[in-house]
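To keep things clear, I will list the structure first and then write my remarks on it.
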Protein chains: 2
Amino acid sequence: MEDGAPELPQVMEAVFPHTGRAYAVGVTGAPGAGKSTLVESLITQIRAEGHRVAVLAVDPTSPFSGGALLGDRVRMQGHATDDGVFIRSMAARGHLGGLALAAPEAVRILDASGAAYVLIETVGVGQSEVEVMHSADTTVVVVTPRWGDGIQAGKAGLLEIGDIFAVNKADRDGGRDSVRELDQMLSLGPPRPWRPPVLETIATSGKGVAELWAAIRAHRAFLESSGELAERRRARLAREIAHLAAERVRYRIGGESAPVLDALVARVERREIDPQAAAEELLSALQLPGA
Amino acid sequence: MEDGAPELPQVMEAVFPHTGRAYAVGVTGAPGAGKSTLVESLITQIRAEGHRVAVLAVDPTSPFSGGALLGDRVRMQGHATDDGVFIRSMAARGHLGGLALAAPEAVRILDASGAAYVLIETVGVGQSEVEVMHSADTTVVVVTPRWGDGIQAGKAGLLEIGDIFAVNKADRDGGRDSVRELDQMLSLGPPRPWRPPVLETIATSGKGVAELWAAIRAHRAFLESSGELAERRRARLAREIAHLAAERVRYRIGGESAPVLDALVARVERREIDPQAAAEELLSALQLPGA
């Protein structure tokens, strides 16, 4: 799947009927917040309940970091001999929208493999990670004390995407302040049916991880009983299908438009029209709507 | 422009005839490599030659970091009283492809304002940054000694996007090794008309910055004399126009397809068809090509 092999559509078609059973938990947050250690501890929790678990560690910072390669090895250590655990790092593919489309497919393969839980961990923070989190049923945002600054979090899309907040390394200076600050910010605005809890964790010692896992299960129970789980999954599918459709059109524009595009570029170079006007003319010339 | 105001197309149309004069230099690399300090030193070099310069600091890690807000203030200090210098931080807009489309527009505005050089600095590394670098005429990749590990750089898209490599903090352990490693990797493969130089810099002391600036001017001279500058700019424009056209189609799919999409989602939910097949049917239903 990561290589975009030509037989992928057939493989995904065959896999698809076997999907829909796994519950996907996203774990995101700033680099160095301790996401990997937290994910390791969550694996232990899930295994203690006898469920199979798969981890998809997504690294949108590749190709620069090469993180995906190293990631697999480092992460494997704690659970290397447990065949109820499957861990896979996935690097960014070379095109925009790549991860947004690749992540749901990867989750489906792990789902079909029989994992009861798929943990999606993103290595960085940014546009791509927010896109990746669209594949999760429950999203855990991990912050650290030094990072819980009010202005930053307030400007962020953070409050919107988190279903649960974990203030990790909570024993450090400012831990309690971060929890309080986050809590206050989450109290602003209209009341919502699910009020995201703010939990303290110390991933390295395992402190607070049982509570985090309990919060994840509570959020799942809330989503299931309110009907919101089905609704979220429907919205996600709609988004993915529209995205796939747009990518196909984009591919066609790329393939067929070369001569038309060349002529338009020449006019833009002469400053006769601007790029937006050129895009409009391109769509007209290809008899595509949107002009 | 950052707010996506409704009058933007008119503004850009009015601005466009005044563009095409500035030379755009991209500066990218891993976080903590010293890119900002290096950009500050480059400003000093450019100002010493009497040119006006604009800096666009792009932060694709927002909305998480809030970096754009802080960035402006910190960066302003060294050149705050110099009205030949304009510095602007730009955060990611909330959608994929946002920066890829916003960056060229921002560069155009700075170009039209009369800057002879536009320095584009990206704060992180990843897909978005590579997209942003498509707006640059010359791309400088900044690495640090500890980061010059062969496997990492070898797996990276780094060797392809850099026109010039700066090993910053070159006085640290491993500085010379990094330069040699990078140099060796750049020697592999078929000979290219421009062989990217690998320079040592210490941005904090200014060491090597004059050489870096000279390398940028040498690369510019190479691009101009070989005709490659015009060719690169044409390819960039073609890419941007196709991207803009695809975004318009995507917008239309989002707007008109709701009832069709709902029905398709329901079939996918029942596992009758998979998302790729649904995308194909969506395009057929909307009479869009690509099915």
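The values are calculated or read from the model by the stated rules, or taken from the named source; none is laboratory data. A quick note: this is a predicted structure, and the numbers were derived from the prediction, not measured. Backbone-built Cβ (ideal geometry, glycine too); neighbour counts: all protein chains shown. What goes into the accessible areas is simple: the full protein's heavy atoms, side chains included, and nothing from ligands, DNA or RNA. Shrake-Rupley method; radii C 1.70, N 1.55, O 1.52, S 1.80 Å.
Residues that are under 35 Å from the mean Cα position of the chain (by Cα), without any contact (Cβ under 8 Å) to a residue 24 or more places away in the chain and more than 7 Å from chain A (Cβ to nearest Cβ) within the range B:253-276 comprise B:Gly255, B:Ala258, listed in sequence order.
Those helices (runs of 4 or more DSSP H) of the range A:125-242 in which at least 2 residues are at pLDDT 80 or above, aromatic (Phe, Trp, Tyr) and open to solvent by less than 60 Å² (accessible area, probe 1.4 Å), considering only elements entirely within it, cover A:209-226. A:Phe86 meets all of the listed conditions (1) closer than 16 Å to A:Val39 by Cβ; (2) open to solvent by 10 Å² or more (accessible area, probe 1.4 Å); (3) modelled with pLDDT under 85; (4) of a type in the set (A, V, I, L, M, F, W, C) but one, namely (3).
Close Cβ contacts (under 9 Å, 6 or more residues apart or on different chains) running from residues in the range A:222-237 that are in contact (Cβ under 8 Å) with a residue 12 or more places away in the chain and under 13 Å from A:Thr138 (Cα atoms) to residues that are in a helix (DSSP H, G or I) and open to solvent by 60 Å² or more (accessible area, probe 1.4 Å) comprise A:Leu223/A:Glu231; A:Leu223/A:Arg232; A:Arg233/B:Glu269. In summary, A:Glu280 fulfils each of the numbered conditions (1) buried (at least 16 other Cβ atoms within 10 Å of the Cβ); (2) modelled with pLDDT of 90 or more; (3) not in a loop (DSSP other than H, G, I, E, B) with the single exception of condition (2).
Residue by residue, here is whether (1) at the interface with chain A (Cβ under 10 Å from one of its Cβ atoms); (2) modelled with pLDDT under 90; (3) within 14 Å of B:Glu105 (Cα to Cα); (4) assigned to a loop (DSSP other than H, G, I, E, B) holds:
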| residue | (1), (2), (3), (4) |
| --- | --- |
| B:Asp3 | no, yes, yes, yes |
| B:Val25 | no, no, no, no |
| B:Thr28 | yes, yes, no, no |
| B:Pro31 | yes, yes, no, yes |
| B:Leu42 | no, no, no, no |
| B:Ile46 | no, no, no, no |
| B:Gly50 | no, no, no, yes |
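Here the range B:52-64 is the region considered, the condition is being of a type in the set (Val, Ile, Thr) and at pLDDT below 95, and the residue that is nearest to B:Ala215 (Cα to Cα) is B:Val55.
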